[in-house]
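Peer 1: Before we start, here is the structure in question, set down as structure tokens.
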Amino acid sequence: MKIGVLALQGDFDAHRQRLEELGAEVVLVKKPEQLDGINGLVIPGGESSTFLKLLGEAGFEKLKEFVHSKPTFGTCAGAILLASEVENPKQAGLGALDISIRRNAYGRQLESSIRQGLFADAPIEMVFIRAPKIERIGNSVEVLATQGGDPVVVRQGKSMAATFHPELSDDSRVHRSFLDLVCNGKS
């Protein structure tokens, strides 16, 4: 299984390490044509508007094609990119998940925190850094994790998103769930 990690910005290397620990072959994706040779993609945190600038129009369209056909997992800024609606401010999304998401909803960098939540009904540590908040969930979106009653990991079809940074904790269940989705279409 070959998993790409979009390596334009953010802590893409932490995702690479986690995925390799779980047995995946990882490709750091820096050019749109690299999307052709992978089975799934992780879009890491960072700054969603910067991702859009770095991708450019052609790169954005190639990424949009990919996320609508192959398994994709976005964390924080990656979750923002996968959303169908983005607020604070409005920006383009890839439309892979029928969700509305609000950027920086948990506050700025100084308000970053580690919280406890539930993933598949079991406790999990969650690292929130300038995290977005999912404000609306479409009917076909499944909630996989919550924190304080808010959905923080969701899945729809082949797309999955987390509003926190699972790559920064010692718990590998969220990444393992994504690899299960890539391997057999479910987690």
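The values are calculated or read from the model by the stated rules, or taken from the named source; none is laboratory data. Note that the coordinates shown come from a computational prediction; the quantities given were computed from them, not determined experimentally. Backbone-built Cβ (ideal geometry, glycine too); neighbour counts: all protein chains shown. All accessible areas refer to the heavy atoms of the entire protein, side chains included, with ligands and DNA or RNA removed. Shrake-Rupley method; radii C 1.70, N 1.55, O 1.52, S 1.80 Å.
Peer 1: Separation of the stretch 85-139 and the stretch 7-47 by C-alpha centroid, Å?
Peer 2: Centre-to-centre distance over Cα atoms comes out at 20 Å.
Peer 1: For the chain, report the accessible area per residue in Å² (1.4 Å probe, heavy atoms, rounded to an integer).
Peer 2: 44
Peer 1: Normalising by the residue count of the stretch 65-182, find the relative contact order in percent from Cα pairs under 8 Å and 6+ residues apart.
Peer 2: Reported as a whole number, the value is 27 percent.
Peer 1: Run the simple label-point estimate for residue 68 and residue 184 please: 7 Å along Cα→C-beta, distance reported in nm.
Peer 2: Spacing of the two 7 Å Cα→Cβ label points: 3.0 nm.
Peer 1: Relative to the compact-globule scaling 2.2 N^0.38 Å, provide the ratio for the alpha-carbon radius of gyration of the chain.
Peer 2: With N residues counted in the chain, Rg over 2.2 N^0.38 Å equals 0.91.
Peer 1: May I ask you to compute the full-extension gain from residue 91 to residue 169, defined as 0.36 nm times their residue separation minus their alpha-carbon distance, rounded to one decimal in nm?
Peer 2: Value of the extension gain: 25.2 nm.
Peer 1: Within the accessible area of the chain, what % is carbon and sulfur when the probe is 1.4 Å and the other protein chains stay in place?
Peer 2: 47
Peer 1: I want to check the label-to-label distance for residue 122 and residue 150. Put each point 7 Å from Cα in the C-beta direction and report it in nm to one decimal.
Peer 2: Reported label-point gap for residue 122 and residue 150 is 2.5 nm.
Peer 1: Remind me, what semi-axes does the stretch 122-187 give for its equivalent ellipsoid, largest first in whole Å, using sqrt of 5 times each Cα gyration tensor eigenvalue?
Peer 2: The three semi-axes for the stretch 122-187 are 18, 16, 9 Å.
Peer 1: Can you tell me which of 45, 157, 74 moves the most in a GNM of the chain? Springs connect C-alpha atoms under 10 Å apart.
Peer 2: 157
Peer 1: Tell me which trypsin sites (Lys or Arg not before Pro) from the stretch 128-187 have a DSSP coil assignment and no more than 10 other beta carbons within 10 Å of their own.
Peer 2: Details: sites: 130, 133, 136, 155, 158, 173, 176, 186; in loops: 130, 158, 186.
Passing sites in the stretch 128-187 are 186.
Peer 1: What distance in nm separates the simple spin-label points at residue 17 and residue 112, each placed 7 Å from Cα in the Cβ direction?
Peer 2: 1.4
Peer 1: Still on this structure, please answer the following. Which value, in debye to the nearest 20, describes the size of the charge dipole of the chain about its Cα centre when Lys and Arg Cβ atoms bear +1, Asp and Glu Cβ atoms bear -1, and nothing else is charged?
Peer 2: Details: 22 positive and 24 negative charges, 60 e Å.
So the dipole magnitude of the chain works out to roughly 280 debye.
Peer 1: Using only DSSP helix segments of four residues or longer, with each worth -39500 (n - 2.57), what per-residue ellipticity at 222 nm results for the chain after dividing by its residue count and rounding to 500?
Peer 2: Details: 4 runs with 48 residues, N = 187.
It comes out at -8000 deg cm²/dmol, rounded to the nearest 500.
Peer 1: Can I ask one more? Project the alpha carbons of the stretch 78-187 onto their principal axes and report the range along each, largest first, in whole Å.
Peer 2: Sorted largest first, the three principal extents are 36, 28, 21 Å.
Peer 1: May I ask for the Kirkwood hydrodynamic radius of the stretch 19-60, worked out over all distinct Cα pairs and given in angstroms to one decimal?
Peer 2: 11.8
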